[in-house]
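> I'd like to ask you about the structure that follows.
The values are calculated or read from the model by the stated rules, or taken from the named source; none is laboratory data. If you're wondering where the values come from, they're calculated on a predicted model, not measured in any experiment. Ideal geometry is used to build each Cβ from the backbone, glycine not excepted, and the neighbour counts take in all protein chains shown.
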Amino acid sequence: MKKIVSALILALGALSFTATPLLASNAESTTVQQSKKKKTEVVTFKVGMHCKNCVKKVTDNISFEKGVKDLKVTLEDKTVTITYDPTKTNPETLKKAIEKLGYKVE
């Protein structure tokens with residue numbers, strides 16, 4: 001049992017020496033990835049929703065449209081705010097997708 005504990009302590013000690021350079025290289029690659037992030041745009045539509053099922057229908061369908069990064073649907077204001085990648089979609093396409101669900105979009 002003492003041999004197993006000793007081996008584990010030695011293994012953990014060896015890992016601590018090699019983990020430090022790996023963490024530093026990961027931090028550098030994270031910085032590079034953040035600088036390559038794509039820009040997004042936000043559009044808000046006034047949508048003729050009247051109940052929680054309308055909110056669910058819009059949320060479930062529009063969140064999977066190509067280029068949609070974030071979606072906020074508010075029943076009280078009857079608004080749909082979409083954050084999207086402008087290289088993959090545009091406001092007109094998103095508006096048509098909501099209208100296709102049967103809602104009036106302003």
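> Counting only residues that are under 17 Å from K96 (Cα atoms) and in contact with a strand residue (DSSP E or B) (Cβ under 9 Å, 6 or more places away or on another chain), how many does the range 45-65 have?
12
> Still on this structure, I have one more. Out of all the residues in the range 53-65, which are at pLDDT 95 or above and loosely packed, with under 13 Cβ neighbours inside 10 Å?
If the condition is that a residue be at pLDDT 95 or above and loosely packed, with under 13 Cβ neighbours inside 10 Å, then N53, K56, D60 are the ones that fit.
> Could you please let me know if D70 is at pLDDT 95 or above, surrounded by fewer than 13 Cβ atoms within 10 Å (Cβ to Cβ) and on the phi < 0 side of the Ramachandran plot?
yes
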